[in-house]
Amino acid sequence: MADDSDQLYRNMFEKAVEGMYRTSTDGRYLEANLALARMHGCQSVDEFKSIFGVTMSAYARLEDRDRFVSIIAEKGELHAVEFLGQRLDGSTFWMLESGRALYDEEGVVVGFEGIVEDISNLRTIERELQEARHLAETADRLKTELLSNIGHELRSPLNAIIGFSEMISRLGRDRQCDSEIAAYANEINENADRLLVVINSLLEFSDINAGLNSQAFDMVDVIALIHSIERRFAARFKEKKLSFNIRLCSVTPALHSEERALRRALENILSNAIKFTPEAGEVSLCLSLTEPGGLSLQVVDSGIGLEKDGLDRAMAPFEQVDSSLSRHFEGVGLGLPMARSLVEQLGGSFAIRSTPGAGTAVTFQFPSDLVTVMHKV
């Protein structure tokens, strides 16, 4: 039975994919398998044992061998430590090594045994991912700077266009200029206003990407903020004949937040709700406290809703769900991504669910450490 076990161990040792070894305390290889030999550029175990640990170190850096011995001397073993190995031709590779000390009957260290894995490919992939991440971050930063620069360059002349077109329109209303010219000026003014909204959105998006100023955070009265937004949006709801229902919790919560950012996030979601809800539809805003002491803000509409694929696209900056929607509904596709970014920078979480033909629900959740109850309503 013992012979069978020894043979089984020998077969496992020799056929293992990972390199396996036993060495003396001075680093000579007493046992090694073919995987380890080939890892170091040798054709056979005998060739490997006659060179490595004798005339050539398996480690490209001598301090790595010292570190290996030091770790085992301190802990008795080491787990998944990266070392720079070298091959017979002098080239190097990264290896992941685990090992332990071998003791005699008196507890004296007589050698080491371990397992080695070539992780060069993993290191290459890791480096490539880091480079790709760096390139993506650089591209994103340059995109943000470009948007900001273009936005500022466009806004100044656009304000002049808006100002002069308003003046011409006013002259037309006062019958001080040709009515046809005044009509053209009015058309220019309306489209310039629309373009200014787009530019302001781009500038705001670039500001959000740069991050919020933590010094601007303060305790925000959430109910007062909701009523302020309600007054601001009243005309838009009335114009589209939408009912706007607000449901508040029984206490007045304060949220440690940046008021402008929280307001913008809510307004973006409400703007989307108004845009995508047909006339005579319904939009609701619900404020509630969650267990254990968190805060939830939810906007639900009875609008057109979205399929999952469309929802994924809507959450990506500058994406429109499809070309027909982009023609029918104005916007640059920043509402949802901007709201999510703001909520997450404020320390909350953003969730959205949507059903085609039934509507969309967007929820902001904030943890209890950001919430303080001021008093009962």
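The values are calculated or read from the model by the stated rules, or taken from the named source; none is laboratory data. For clarity, every value in this text was computed on a predicted model and none was experimentally measured. Backbone-built Cβ (ideal geometry, glycine too); neighbour counts: all protein chains shown.
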key: Subset tally (residues that are within 12 Å of GLN365 (Cβ to Cβ) and surrounded by 21 or more Cβ atoms within 10 Å (Cβ to Cβ)) for the range 277-309   = 2
ask   = Does the range 205-245 hold any residues that are within 32 Å of the chain's Cα centre (by Cα) and of a type in the set (A, V, I, L, M), and which are they?
value = ILE208, ALA210, LEU212, ALA216, MET219, VAL220, VAL222, ILE223, ALA224, LEU225, ILE226, ILE229
task = Could you tell me whether any residue of the range 16-36 is in a strand (DSSP E or B), at pLDDT 90 or above and basic (Lys, Arg)?
result = yes
inquiry  = Being within 30 Å of PHE52 (Cα to Cα), surrounded by fewer than 12 Cβ atoms within 10 Å (Cβ to Cβ) and either at pLDDT 80 or above or not β-branched (Val, Ile, Thr) (or both) is the requirement here; does GLY107 meet it?
reply    = yes
task = Of all residues in the range 295-340, count the ones that are modelled with pLDDT under 90 and either part of a strand (DSSP E or B) or of a type in the set (Lys, Arg) (or both).
result = 3
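Residue-by-condition table, conditions (1) surrounded by 15 or more Cβ atoms within 10 Å (Cβ to Cβ); (2) touching a strand residue (DSSP E or B) at 6+ places or on another chain (Cβ under 8 Å):
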residue	(1), (2)
SER169	yes, no
GLY172	yes, no
ALA183	no, no
PHE233	yes, yes
LYS238	no, no
PHE244	yes, yes
remark   = Inside the range 48-64, the number of residues satisfying the requirement of being without any contact (Cβ under 8 Å) to a residue 12 or more places away in the chain and either assigned to a helix (DSSP H, G or I) or outside the structural domain of ALA32 (by TED's automatic domain parsing) (or both) is 3
